[in-house]
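**Q** Could you have a look at this structure, given as C-alpha coordinates, before my questions?
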Amino acid sequence: MSKKLYIKTYGCQMNVYDSTRMGDVLAPFGYVEADSPEGADMVILNTCHIREKAAEKMYSDLGRLRIEKNAQAEQGKRMLIAVAGCVAQAEGEEIIHRMPYVDMVVGPQSYHTLPDLIAETERTHASLTRLEFVEEQKFDLLPESLQTQGATAFVSIQEGCDKFCTFCVVPYTRGAEFSRPVEAILREARTHVSQGAVELTLLGQNVNAYHGRDAAGNEVGLAQLLTMLAEIPGLTRLRYTTSHPRDVDAALIRAHGEIDILMPYLHLPVQSGSDRVLKAMNRKHTAADYIGIIEQLRAARPEIAFSSDFIVGFPGETDADFEDTLKLVETVGFASAYVFKYSPRPGTPAADKAGQVEESVKDARMRTLMDYLDRQKLRFNQSKIGTVQPVLMERKGKKPGQGIGKTPYMQSVVLENAVHYDQQLIDVRITEAYGQSLKGEVVGAASTEAAPVQEALFSSADARP
Ligand code: SAH
Ligand code: SF4
Ligand code: F3S
(Lines give C-alpha, C1' and ligand atoms only; values in the text may rest on other atoms or scores of the structure.)
(Ligands and ions follow the chains in the order given, each with its own letter.)
Protein backbone atom coordinates (compact mmCIF):
# COMPACT_ATOMS: atom_id res chain seq x y z
CA MET A 1 0.00 0.00 0.00
CA SER A 2 1.43 3.37 -0.92
CA LYS A 3 2.07 6.06 1.66
CA LYS A 4 1.98 9.81 1.16
CA LEU A 5 5.23 11.72 1.70
CA TYR A 6 5.45 15.50 1.71
CA ILE A 7 8.90 17.14 1.67
CA LYS A 8 9.29 20.88 2.10
CA THR A 9 12.68 22.27 1.15
CA TYR A 10 14.22 25.51 2.43
CA GLY A 11 17.62 27.01 1.67
CA CYS A 12 20.13 26.16 -1.00
CA GLN A 13 20.37 23.85 -4.02
CA MET A 14 22.15 21.33 -1.87
CA ASN A 15 18.98 20.92 0.15
CA VAL A 16 16.94 20.61 -3.05
CA TYR A 17 19.26 17.81 -4.11
CA ASP A 18 19.14 16.16 -0.68
CA SER A 19 15.33 16.27 -0.73
CA THR A 20 15.24 14.30 -3.96
CA ARG A 21 17.66 11.80 -2.41
CA MET A 22 15.43 11.42 0.66
CA GLY A 23 12.55 10.70 -1.73
CA ASP A 24 14.80 8.05 -3.37
CA VAL A 25 15.61 6.48 0.01
CA LEU A 26 11.95 6.20 0.97
CA ALA A 27 10.46 5.20 -2.41
CA PRO A 28 11.29 1.47 -1.97
CA PHE A 29 9.29 1.57 1.27
CA GLY A 30 6.14 2.63 -0.55
CA TYR A 31 6.39 6.40 -0.01
CA VAL A 32 5.06 8.44 -2.91
CA GLU A 33 5.71 12.17 -2.95
CA ALA A 34 2.75 14.54 -2.72
CA ASP A 35 2.63 18.32 -3.07
CA SER A 36 0.82 19.12 0.16
CA PRO A 37 0.95 17.93 3.77
CA GLU A 38 -2.82 17.21 3.90
CA GLY A 39 -3.37 13.55 4.67
CA ALA A 40 0.36 12.81 4.51
CA ASP A 41 1.79 9.77 6.33
CA MET A 42 5.08 11.53 6.68
CA VAL A 43 6.27 15.14 6.39
CA ILE A 44 9.94 16.09 6.13
CA LEU A 45 11.03 19.70 6.60
CA ASN A 46 14.45 20.02 5.00
CA THR A 47 15.58 23.16 6.75
CA CYS A 48 18.11 25.99 6.41
CA HIS A 49 20.01 27.75 9.19
CA ILE A 50 21.89 30.35 7.18
CA ARG A 51 19.95 33.37 8.44
CA GLU A 52 17.62 33.81 11.39
CA LYS A 53 14.58 34.25 9.13
CA ALA A 54 15.15 30.90 7.46
CA ALA A 55 15.17 29.08 10.80
CA GLU A 56 12.10 30.99 12.07
CA LYS A 57 10.17 29.93 9.00
CA MET A 58 10.59 26.32 9.99
CA TYR A 59 9.14 26.92 13.45
CA SER A 60 6.04 28.63 12.04
CA ASP A 61 5.54 25.79 9.53
CA LEU A 62 5.84 23.28 12.36
CA GLY A 63 3.03 25.05 14.18
CA ARG A 64 0.76 24.53 11.18
CA LEU A 65 1.80 20.90 10.78
CA ARG A 66 0.84 20.22 14.37
CA ILE A 67 -2.78 21.06 13.51
CA GLU A 68 -2.72 18.51 10.66
CA LYS A 69 -1.07 15.96 12.90
CA ASN A 70 -3.73 16.42 15.59
CA ALA A 71 -6.54 16.17 13.03
CA GLN A 72 -5.11 12.87 11.79
CA ALA A 73 -4.67 11.61 15.36
CA GLU A 74 -8.40 12.14 15.95
CA GLN A 75 -9.00 9.69 13.11
CA GLY A 76 -6.59 7.18 14.62
CA LYS A 77 -3.71 7.96 12.19
CA ARG A 78 -0.14 8.92 13.09
CA MET A 79 1.49 11.46 10.80
CA LEU A 80 5.25 11.40 11.23
CA ILE A 81 7.08 14.73 11.28
CA ALA A 82 10.82 14.80 10.56
CA VAL A 83 13.06 17.86 10.75
CA ALA A 84 16.07 17.43 8.46
CA GLY A 85 18.76 19.77 7.11
CA CYS A 86 20.86 22.45 8.73
CA VAL A 87 18.50 23.52 11.55
CA ALA A 88 18.33 19.85 12.56
CA GLN A 89 22.12 19.69 12.68
CA ALA A 90 22.50 23.02 14.50
CA GLU A 91 19.71 22.71 17.07
CA GLY A 92 19.36 18.93 17.43
CA GLU A 93 17.51 17.75 20.57
CA GLU A 94 16.44 21.33 21.28
CA ILE A 95 13.85 21.06 18.50
CA ILE A 96 12.18 18.11 20.23
CA HIS A 97 12.26 19.95 23.56
CA ARG A 98 10.50 22.92 22.02
CA MET A 99 8.20 20.88 19.77
CA PRO A 100 7.63 17.45 21.36
CA TYR A 101 5.34 16.41 18.48
CA VAL A 102 8.37 16.25 16.15
CA ASP A 103 9.10 12.55 15.66
CA MET A 104 12.63 12.75 14.31
CA VAL A 105 15.50 15.18 13.88
CA VAL A 106 17.95 14.04 11.26
CA GLY A 107 21.14 15.83 10.15
CA PRO A 108 22.35 16.12 6.54
CA GLN A 109 24.82 13.23 6.92
CA SER A 110 22.25 10.71 8.15
CA TYR A 111 19.51 10.55 5.52
CA HIS A 112 20.29 6.92 4.72
CA THR A 113 19.02 6.05 8.24
CA LEU A 114 15.48 7.35 7.56
CA PRO A 115 13.91 3.91 6.94
CA ASP A 116 15.38 2.62 10.23
CA LEU A 117 14.25 5.71 12.10
CA ILE A 118 10.71 5.30 10.78
CA ALA A 119 10.62 1.64 11.78
CA GLU A 120 11.92 2.47 15.23
CA THR A 121 9.53 5.31 15.98
CA GLU A 122 6.60 3.25 14.66
CA ARG A 123 7.56 0.57 17.18
CA THR A 124 8.41 2.73 20.17
CA HIS A 125 6.53 6.01 19.49
CA ALA A 126 9.64 7.80 20.80
CA SER A 127 11.13 10.94 19.23
CA LEU A 128 14.54 10.20 17.71
CA THR A 129 17.62 12.14 16.65
CA ARG A 130 20.44 11.25 14.25
CA LEU A 131 23.12 13.89 14.01
CA GLU A 132 26.49 12.19 13.70
CA PHE A 133 28.92 12.90 10.91
CA VAL A 134 29.53 9.41 9.59
CA GLU A 135 32.93 8.19 8.51
CA GLU A 136 31.54 6.66 5.36
CA GLN A 137 30.31 9.40 3.13
CA LYS A 138 26.59 9.81 2.84
CA PHE A 139 26.73 9.54 -0.92
CA ASP A 140 27.97 5.96 -0.67
CA LEU A 141 25.19 5.10 1.74
CA LEU A 142 22.35 6.58 -0.30
CA PRO A 143 20.88 4.61 -3.19
CA GLU A 144 21.68 5.76 -6.71
CA SER A 145 19.34 8.48 -7.87
CA LEU A 146 16.24 6.86 -9.37
CA GLN A 147 14.60 9.47 -11.49
CA THR A 148 15.59 12.33 -13.70
CA GLN A 149 12.90 14.99 -13.77
CA GLY A 150 13.02 16.84 -17.05
CA ALA A 151 15.89 18.32 -19.02
CA THR A 152 17.93 19.73 -16.15
CA ALA A 153 19.52 17.64 -13.40
CA PHE A 154 21.65 18.33 -10.34
CA VAL A 155 24.60 16.26 -9.19
CA SER A 156 26.16 16.88 -5.82
CA ILE A 157 29.95 16.54 -6.14
CA GLN A 158 31.23 18.08 -2.92
CA GLU A 159 29.87 18.81 0.49
CA GLY A 160 30.93 20.69 3.60
CA CYS A 161 33.29 23.61 4.01
CA ASP A 162 36.63 24.29 5.71
CA LYS A 163 36.68 28.03 5.02
CA PHE A 164 35.04 29.27 8.24
CA CYS A 165 33.93 32.68 7.08
CA THR A 166 33.17 34.36 10.39
CA PHE A 167 29.47 34.94 9.60
CA CYS A 168 28.60 31.48 8.33
CA VAL A 169 27.06 28.34 9.89
CA VAL A 170 27.79 25.98 6.99
CA PRO A 171 31.12 24.57 8.29
CA TYR A 172 29.26 23.60 11.47
CA THR A 173 26.08 22.23 9.91
CA ARG A 174 27.64 20.43 6.96
CA GLY A 175 30.97 19.49 8.43
CA ALA A 176 34.41 19.26 6.81
CA GLU A 177 34.91 19.44 3.09
CA PHE A 178 34.47 16.16 1.25
CA SER A 179 34.71 15.45 -2.49
CA ARG A 180 32.91 12.52 -4.11
CA PRO A 181 34.96 10.12 -6.20
CA VAL A 182 35.06 10.89 -9.93
CA GLU A 183 33.58 7.54 -10.98
CA ALA A 184 30.47 7.97 -8.82
CA ILE A 185 29.87 11.44 -10.27
CA LEU A 186 30.35 10.28 -13.86
CA ARG A 187 27.97 7.37 -13.27
CA GLU A 188 25.27 9.59 -11.81
CA ALA A 189 25.73 12.15 -14.59
CA ARG A 190 25.48 9.50 -17.32
CA THR A 191 22.32 8.09 -15.73
CA HIS A 192 20.69 11.52 -15.79
CA VAL A 193 21.68 12.12 -19.42
CA SER A 194 20.44 8.67 -20.48
CA GLN A 195 17.12 9.55 -18.83
CA GLY A 196 16.76 12.77 -20.81
CA ALA A 197 18.73 15.45 -18.97
CA VAL A 198 20.64 17.81 -21.27
CA GLU A 199 21.79 20.23 -18.58
CA LEU A 200 23.78 19.26 -15.50
CA THR A 201 24.50 21.52 -12.55
CA LEU A 202 27.27 20.34 -10.23
CA LEU A 203 26.58 21.22 -6.64
CA GLY A 204 28.71 21.83 -3.58
CA GLN A 205 28.90 24.34 -0.74
CA ASN A 206 32.37 25.03 -2.03
CA VAL A 207 32.17 23.39 -5.40
CA ASN A 208 35.43 24.69 -6.86
CA ALA A 209 37.36 23.31 -3.91
CA TYR A 210 36.52 19.92 -5.45
CA HIS A 211 39.43 17.48 -5.27
CA GLY A 212 38.06 13.97 -5.80
CA ARG A 213 39.93 10.82 -6.78
CA ASP A 214 39.64 8.97 -10.07
CA ALA A 215 39.64 5.17 -10.42
CA ALA A 216 43.46 5.12 -10.46
CA GLY A 217 43.61 7.12 -7.22
CA ASN A 218 44.80 10.37 -8.82
CA GLU A 219 43.46 13.65 -7.55
CA VAL A 220 41.12 15.44 -9.94
CA GLY A 221 40.17 19.11 -9.69
CA LEU A 222 36.98 20.79 -10.85
CA ALA A 223 38.43 21.86 -14.21
CA GLN A 224 39.40 18.29 -15.07
CA LEU A 225 36.08 16.93 -13.86
CA LEU A 226 34.23 19.42 -16.08
CA THR A 227 36.35 18.30 -19.04
CA MET A 228 35.40 14.67 -18.39
CA LEU A 229 31.71 15.45 -18.00
CA ALA A 230 31.70 17.54 -21.18
CA GLU A 231 32.46 14.37 -23.13
CA ILE A 232 29.16 12.70 -22.22
CA PRO A 233 27.23 12.45 -25.50
CA GLY A 234 23.91 14.30 -25.39
CA LEU A 235 24.96 16.69 -22.63
CA THR A 236 24.63 20.28 -23.88
CA ARG A 237 24.87 22.48 -20.78
CA LEU A 238 27.15 22.36 -17.76
CA ARG A 239 27.04 24.60 -14.71
CA TYR A 240 28.48 24.52 -11.21
CA THR A 241 27.60 26.30 -7.98
CA THR A 242 28.60 27.73 -5.48
CA SER A 243 32.20 28.82 -5.85
CA HIS A 244 34.62 30.66 -3.62
CA PRO A 245 36.95 33.23 -5.21
CA ARG A 246 39.91 31.66 -3.36
CA ASP A 247 39.51 28.41 -5.28
CA VAL A 248 39.32 29.82 -8.79
CA ASP A 249 42.60 28.51 -10.18
CA ALA A 250 44.29 28.87 -13.57
CA ALA A 251 42.97 25.50 -14.76
CA LEU A 252 39.38 26.51 -14.00
CA ILE A 253 39.81 29.82 -15.81
CA ARG A 254 41.19 27.91 -18.82
CA ALA A 255 38.26 25.49 -18.66
CA HIS A 256 35.87 28.40 -19.11
CA GLY A 257 37.61 29.24 -22.35
CA GLU A 258 37.88 25.66 -23.61
CA ILE A 259 34.66 23.87 -22.70
CA ASP A 260 31.95 25.28 -24.91
CA ILE A 261 29.07 23.54 -23.08
CA LEU A 262 30.21 25.19 -19.84
CA MET A 263 27.68 28.02 -19.65
CA PRO A 264 29.14 31.56 -19.75
CA TYR A 265 27.60 32.44 -16.43
CA LEU A 266 29.17 32.14 -12.99
CA HIS A 267 27.86 32.73 -9.50
CA LEU A 268 30.86 33.98 -7.57
CA PRO A 269 29.97 35.43 -4.16
CA VAL A 270 32.15 38.35 -3.08
CA GLN A 271 30.21 39.45 0.07
CA SER A 272 31.83 42.89 0.30
CA GLY A 273 34.02 45.32 -1.63
CA SER A 274 35.90 46.51 1.45
CA ASP A 275 39.24 44.85 2.22
CA ARG A 276 38.78 45.64 5.90
CA VAL A 277 35.42 43.86 5.99
CA LEU A 278 36.64 40.98 3.82
CA LYS A 279 39.47 40.45 6.30
CA ALA A 280 37.09 40.48 9.28
CA MET A 281 34.92 38.00 7.38
CA ASN A 282 37.95 35.71 6.96
CA ARG A 283 37.34 35.58 3.20
CA LYS A 284 41.08 35.53 2.53
CA HIS A 285 40.83 37.59 -0.65
CA THR A 286 40.79 41.32 -1.35
CA ALA A 287 38.51 43.31 -3.62
CA ALA A 288 41.40 43.58 -6.10
CA ASP A 289 41.88 39.79 -6.06
CA TYR A 290 38.22 39.37 -6.92
CA ILE A 291 38.31 41.90 -9.74
CA GLY A 292 41.47 40.22 -11.05
CA ILE A 293 39.68 36.86 -11.25
CA ILE A 294 36.75 38.45 -13.07
CA GLU A 295 39.14 40.01 -15.60
CA GLN A 296 40.91 36.71 -16.25
CA LEU A 297 37.61 34.88 -16.72
CA ARG A 298 36.47 37.59 -19.15
CA ALA A 299 39.70 37.24 -21.07
CA ALA A 300 39.17 33.47 -21.31
CA ARG A 301 35.48 33.72 -22.20
CA PRO A 302 34.50 37.20 -23.39
CA GLU A 303 30.73 36.63 -23.21
CA ILE A 304 30.81 35.43 -19.58
CA ALA A 305 28.53 37.17 -17.07
CA PHE A 306 28.56 37.09 -13.27
CA SER A 307 26.24 36.94 -10.34
CA SER A 308 27.18 37.31 -6.70
CA ASP A 309 26.12 37.40 -3.05
CA PHE A 310 26.56 40.45 -0.82
CA ILE A 311 26.20 40.89 2.92
CA VAL A 312 25.42 44.40 4.20
CA GLY A 313 25.80 45.43 7.82
CA PHE A 314 28.55 43.03 8.81
CA PRO A 315 29.81 44.03 12.32
CA GLY A 316 32.02 47.10 12.03
CA GLU A 317 30.97 47.96 8.45
CA THR A 318 31.18 51.73 8.04
CA ASP A 319 29.74 54.02 5.39
CA ALA A 320 33.18 54.07 3.77
CA ASP A 321 33.27 50.24 3.66
CA PHE A 322 29.84 50.23 2.07
CA GLU A 323 31.04 52.78 -0.51
CA ASP A 324 33.81 50.32 -1.40
CA THR A 325 31.16 47.67 -2.06
CA LEU A 326 29.32 50.05 -4.39
CA LYS A 327 32.61 50.77 -6.16
CA LEU A 328 33.26 47.06 -6.69
CA VAL A 329 29.76 46.64 -8.12
CA GLU A 330 30.43 49.52 -10.49
CA THR A 331 33.75 48.02 -11.60
CA VAL A 332 32.51 44.48 -12.16
CA GLY A 333 28.97 44.98 -13.47
CA PHE A 334 26.80 42.05 -12.42
CA ALA A 335 24.08 40.28 -14.39
CA SER A 336 22.32 39.33 -11.19
CA ALA A 337 22.94 39.29 -7.43
CA TYR A 338 21.56 38.56 -3.99
CA VAL A 339 21.88 41.00 -1.10
CA PHE A 340 21.50 39.80 2.48
CA LYS A 341 21.38 41.75 5.71
CA TYR A 342 23.96 40.36 8.10
CA SER A 343 22.22 37.98 10.50
CA PRO A 344 24.17 37.01 13.63
CA ARG A 345 24.23 33.22 13.89
CA PRO A 346 24.75 31.52 17.24
CA GLY A 347 28.18 29.94 17.54
CA THR A 348 29.82 31.89 14.70
CA PRO A 349 32.67 34.31 15.54
CA ALA A 350 31.07 37.44 14.04
CA ALA A 351 27.92 37.06 16.13
CA ASP A 352 29.75 38.22 19.27
CA LYS A 353 31.78 40.97 17.62
CA ALA A 354 31.58 44.56 18.75
CA GLY A 355 30.14 47.06 16.29
CA GLN A 356 26.95 45.24 15.37
CA VAL A 357 25.21 47.45 12.82
CA GLU A 358 21.76 48.87 13.49
CA GLU A 359 18.83 47.37 11.65
CA SER A 360 17.84 50.72 10.12
CA VAL A 361 21.36 51.12 8.67
CA LYS A 362 21.27 47.58 7.28
CA ASP A 363 17.90 48.32 5.70
CA ALA A 364 19.14 51.51 4.05
CA ARG A 365 22.32 49.88 2.70
CA MET A 366 20.34 46.92 1.46
CA ARG A 367 17.94 49.18 -0.46
CA THR A 368 20.76 51.22 -1.99
CA LEU A 369 22.74 48.17 -3.07
CA MET A 370 19.72 46.32 -4.39
CA ASP A 371 18.57 49.33 -6.43
CA TYR A 372 22.02 49.56 -7.97
CA LEU A 373 22.22 45.83 -8.73
CA ASP A 374 18.66 45.81 -10.10
CA ARG A 375 19.62 48.56 -12.54
CA GLN A 376 22.66 46.54 -13.64
CA LYS A 377 20.49 43.49 -14.08
CA LEU A 378 17.96 45.37 -16.19
CA ARG A 379 20.75 46.76 -18.36
CA PHE A 380 22.20 43.28 -18.78
CA ASN A 381 18.79 41.89 -19.76
CA GLN A 382 18.26 44.76 -22.22
CA SER A 383 21.64 44.07 -23.80
CA LYS A 384 20.17 40.79 -25.09
CA ILE A 385 17.35 42.44 -27.08
CA GLY A 386 17.76 41.57 -30.75
CA THR A 387 20.14 38.67 -30.06
CA VAL A 388 19.30 35.01 -30.63
CA GLN A 389 19.70 32.95 -27.47
CA PRO A 390 19.55 29.19 -27.02
CA VAL A 391 16.72 28.66 -24.51
CA LEU A 392 16.07 25.45 -22.60
CA MET A 393 12.32 25.24 -22.09
CA GLU A 394 11.52 24.19 -18.52
CA ARG A 395 7.94 24.84 -17.51
CA LYS A 396 4.51 26.26 -18.19
CA GLY A 397 3.85 29.99 -17.84
CA LYS A 398 0.90 31.60 -16.05
CA LYS A 399 -1.21 32.09 -19.18
CA PRO A 400 -2.48 29.22 -21.34
CA GLY A 401 0.01 28.14 -23.98
CA GLN A 402 2.92 30.03 -22.39
CA GLY A 403 6.21 28.28 -21.84
CA ILE A 404 9.19 29.47 -19.80
CA GLY A 405 12.80 28.59 -20.40
CA LYS A 406 16.32 29.68 -19.50
CA THR A 407 19.06 31.36 -21.50
CA PRO A 408 22.71 30.42 -20.84
CA TYR A 409 22.65 33.35 -18.37
CA MET A 410 19.77 31.89 -16.31
CA GLN A 411 17.43 34.60 -17.56
CA SER A 412 13.81 33.45 -17.72
CA VAL A 413 12.33 33.78 -21.20
CA VAL A 414 8.55 33.76 -21.60
CA LEU A 415 7.25 32.45 -24.93
CA GLU A 416 3.66 32.45 -26.21
CA ASN A 417 2.21 29.29 -27.82
CA ALA A 418 5.22 27.29 -26.78
CA VAL A 419 3.84 24.35 -24.77
CA HIS A 420 5.04 21.83 -27.35
CA TYR A 421 8.67 22.92 -26.86
CA ASP A 422 8.74 21.67 -23.28
CA GLN A 423 12.15 20.31 -22.21
CA GLN A 424 13.65 21.27 -25.58
CA LEU A 425 16.46 23.57 -26.48
CA ILE A 426 15.34 26.17 -28.99
CA ASP A 427 16.75 29.32 -30.55
CA VAL A 428 14.84 32.41 -29.49
CA ARG A 429 15.16 35.99 -30.69
CA ILE A 430 14.85 38.24 -27.66
CA THR A 431 12.29 41.01 -28.25
CA GLU A 432 11.64 42.55 -24.81
CA ALA A 433 13.57 42.75 -21.54
CA TYR A 434 12.40 43.44 -18.00
CA GLY A 435 13.95 43.25 -14.55
CA GLN A 436 13.07 39.61 -13.96
CA SER A 437 12.36 38.16 -17.41
CA LEU A 438 12.70 38.38 -21.16
CA LYS A 439 10.24 37.85 -23.99
CA GLY A 440 11.06 36.45 -27.36
CA GLU A 441 10.03 34.58 -30.49
CA VAL A 442 11.11 31.15 -31.62
CA VAL A 443 13.63 31.07 -34.44
CA GLY A 444 14.16 27.32 -34.56
CA ALA A 445 15.94 24.40 -32.97
CA ALA A 446 19.06 25.61 -31.21
CA SER A 447 22.05 25.64 -33.49
CA THR A 448 24.77 26.35 -30.97
CA GLU A 449 23.83 23.47 -28.72
CA ALA A 450 22.53 20.06 -29.87
CA ALA A 451 18.74 19.83 -29.57
CA PRO A 452 17.48 17.18 -27.15
CA VAL A 453 15.18 14.46 -28.41
CA GLN A 454 12.49 14.59 -25.77
CA GLU A 455 8.75 14.82 -25.90
CA ALA A 456 7.95 14.94 -22.21
CA LEU A 457 4.93 17.01 -21.25
CA PHE A 458 5.10 19.90 -18.84
CA SER A 459 3.88 17.86 -15.91
CA SER A 460 7.26 16.24 -15.30
CA ALA A 461 9.06 19.59 -15.19
CA ASP A 462 6.51 21.04 -12.81
CA ALA A 463 7.33 18.53 -10.14
CA ARG A 464 10.73 19.94 -9.27
CA PRO A 465 12.83 23.02 -9.69
N1 SAH B 1 29.33 28.59 -0.02
C2 SAH B 1 28.87 29.77 -0.58
C3 SAH B 1 27.50 30.26 -0.09
C4 SAH B 1 27.06 29.95 1.28
S5 SAH B 1 25.58 30.61 1.92
C6 SAH B 1 29.94 30.81 -0.50
O7 SAH B 1 30.99 30.58 0.00
O8 SAH B 1 29.76 31.91 -0.94
C9 SAH B 1 24.91 31.67 0.72
C10 SAH B 1 25.03 33.12 1.03
O11 SAH B 1 24.37 33.43 2.23
C12 SAH B 1 26.44 33.57 1.27
O13 SAH B 1 27.12 33.79 0.08
C14 SAH B 1 26.24 34.84 2.07
O15 SAH B 1 26.12 35.95 1.24
C16 SAH B 1 24.92 34.60 2.77
N17 SAH B 1 25.10 34.42 4.21
C18 SAH B 1 25.74 33.41 4.84
N19 SAH B 1 25.71 33.61 6.18
C20 SAH B 1 25.03 34.76 6.40
C21 SAH B 1 24.67 35.49 7.56
N22 SAH B 1 25.03 35.10 8.78
N23 SAH B 1 23.96 36.64 7.40
C24 SAH B 1 23.60 37.06 6.17
N25 SAH B 1 23.91 36.42 5.04
C26 SAH B 1 24.63 35.27 5.15
FE1 SF4 C 1 30.05 29.68 4.41
FE2 SF4 C 1 32.31 30.85 3.72
FE3 SF4 C 1 32.09 28.19 3.59
FE4 SF4 C 1 30.76 29.73 1.88
S5 SF4 C 1 33.00 29.56 2.04
S6 SF4 C 1 29.94 27.98 2.98
S7 SF4 C 1 30.22 31.51 3.09
S8 SF4 C 1 32.06 29.43 5.43
FE1 F3S D 1 21.01 26.72 4.39
FE2 F3S D 1 22.38 24.61 5.05
FE3 F3S D 1 22.21 25.31 2.53
S4 F3S D 1 22.28 26.48 6.18
S5 F3S D 1 22.05 27.49 2.64
S6 F3S D 1 20.54 24.65 3.80
S7 F3S D 1 23.97 24.41 3.52
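The values are calculated or read from the model by the stated rules, or taken from the named source; none is laboratory data. Given the structure is predicted, the values throughout are model-derived calculations rather than measurements. Please note: Cβ atoms are built from the backbone with ideal geometry, for glycine as well, and neighbour counts cover all protein chains shown.
**Q** For the subset of the stretch 411-465 comprising residues that are hydroxyl-bearing (Ser, Thr, Tyr) and either under 27 Å from the mean Cα position of the chain (by Cα) or at pLDDT below 50 (or both), which member is farthest from Pro264 (Cα to Cα)? Explain how you work it out, then say what you get.
**A** The initial filter retains those residues of the stretch 411-465 that are hydroxyl-bearing (Ser, Thr, Tyr), namely 412, 421, 431, 434, 437, 447-448, 459-460.
Pick out the ones that are also either under 27 Å from the mean Cα position of the chain (by Cα) or at pLDDT below 50 (or both) and you get 412, 421, 434, 437, 448, 459-460.
Working: Ser412: 16, Tyr421: 23, Tyr434: 21, Ser437: 18, Thr448: 13, Ser459: 29, Ser460: 27 Å.
Restricting to residues being hydroxyl-bearing (Ser, Thr, Tyr) and either under 27 Å from the mean Cα position of the chain (by Cα) or at pLDDT below 50 (or both), the top hit is Ser459.
**Q** Tell me, please, whether a residue that is surrounded by fewer than 14 Cβ atoms within 10 Å (Cβ to Cβ) and within 16 Å of ligand 1 (Cβ to nearest atom) can be found in the stretch 105-126.
**A** no
**Q** So, Asp309, is that one in a helix (DSSP H, G or I), closer than 22 Å to Leu252 by Cβ and within 16 Å of ligand 2 (Cβ to nearest atom) or not? Explain how you work it out, then say what you get.
**A** Values: in a helix (DSSP H, G or I): no; closer than 22 Å to Leu252 by Cβ: yes; within 16 Å of ligand 2 (Cβ to nearest atom): yes.
No, not satisfied.
**Q** Still on this structure: When the residues of the stretch 342-363 are narrowed to those that are among the small types (Gly, Ala, Ser) and within 16 Å of ligand 1 (Cβ to nearest atom), which ends up nearest to Cys86 (Cα to Cα)?
**A** From the stretch 342-363, those among the small types (Gly, Ala, Ser) are 343, 347, 350-351, 354-355, 360; that's our starting set.
In the following step, the residues that additionally are within 16 Å of ligand 1 (Cβ to nearest atom) were identified as 343, 347, 350-351, 355.
Values: Ser343: 16, Gly347: 14, Ala350: 19, Ala351: 18, Gly355: 27 Å.
That would be Gly347.
**Q** How many of the residues making up the stretch 271-290 are loosely packed, with under 15 Cβ neighbours inside 10 Å and within 24 Å of the chain's Cα centre (by Cα)?
**A** Residues in the stretch 271-290 being loosely packed, with under 15 Cβ neighbours inside 10 Å and within 24 Å of the chain's Cα centre (by Cα): 2 in total.
**Q** Further question: Consider the stretch 33-51. How many of its residues are in contact (Cβ under 8 Å) with a residue 60 or more places away in the chain and either on the phi > 0 side of the Ramachandran plot or within 16 Å of ligand 2 (Cβ to nearest atom) (or both)?
**A** 3
**Q** Sticking with this structure for a sec: Looking only at the stretch 197-218, count how many residues are crowded, with 24+ Cβ neighbours inside 10 Å and either without any contact (Cβ under 8 Å) to a residue 12 or more places away in the chain or outside the structural domain of Glu231 (by TED's automatic domain parsing) (or both).
**A** Residues meeting the conditions: 0.
**Q** Being of a type in the set (Ser, Thr, Tyr), surrounded by fewer than 19 Cβ atoms within 10 Å (Cβ to Cβ) and in a helix (DSSP H, G or I) is the filter here; which residues of the stretch 312-339 pass it?
**A** Start the filter on the stretch 312-339 by keeping residues that are of a type in the set (Ser, Thr, Tyr), which leaves 318, 325, 331, 336, 338.
Filter again for surrounded by fewer than 19 Cβ atoms within 10 Å (Cβ to Cβ), leaving 318, 331, 338.
Within the stretch 312-339, just Thr331 meets the criteria.
**Q** Additional query: Could you grab me the full set of residues in the stretch 331-347 that are closer than 18 Å to Tyr290 by Cβ and small (Gly, Ala, Ser)?
**A** Here is the first cut: in the stretch 331-347, the ones closer than 18 Å to Tyr290 by Cβ are 331-340.
The answer is Gly333, Ala335, Ser336, Ala337.
**Q** Quick one: in the stretch 50-66, of everything that is more than 16 Å from Pro344 (Cα to Cα) and surrounded by fewer than 19 Cβ atoms within 10 Å (Cβ to Cβ), which residue is farthest from ligand 1 (Cβ to nearest atom)?
**A** For the stretch 50-66, the residue satisfying everything is Arg66.
**Q** Out of the residues in the stretch 222-248 that are of a type outside the set (Ser, Thr, Tyr) and within 16 Å of ligand 2 (Cβ to nearest atom), which is nearest to His211 (Cα to Cα)?
**A** Here is the first cut: in the stretch 222-248, the residues of a type outside the set (Ser, Thr, Tyr) are 222-226, 228-235, 237-239, 244-248.
In the following step, the residues that additionally are within 16 Å of ligand 2 (Cβ to nearest atom) were identified as 222, 244-248.
Numbers: Leu222: 7, His244: 14, Pro245: 16, Arg246: 14, Asp247: 11, Val248: 13 Å.
The qualifying residue nearest to His211 (Cα to Cα) is Leu222.
**Q** Scan the stretch 2-12 and tell me whether some residue there is at pLDDT below 95 and more than 16 Å from ligand 1 (Cβ to nearest atom).
**A** yes
**Q** Restricted to the stretch 385-402, and to residues that are surrounded by 18 or more Cβ atoms within 10 Å (Cβ to Cβ) and at pLDDT 95 or above, which residue is nearest to Tyr421 (Cα to Cα)?
**A** Met393
**Q** If I go through the stretch 158-202 residue by residue, how many of them are under 16 Å from Thr148 (Cα atoms) and either within 14 Å of ligand 1 (Cβ to nearest atom) or in a loop (DSSP other than H, G, I, E, B) (or both)?
**A** Looking only at that region, the number is 5.
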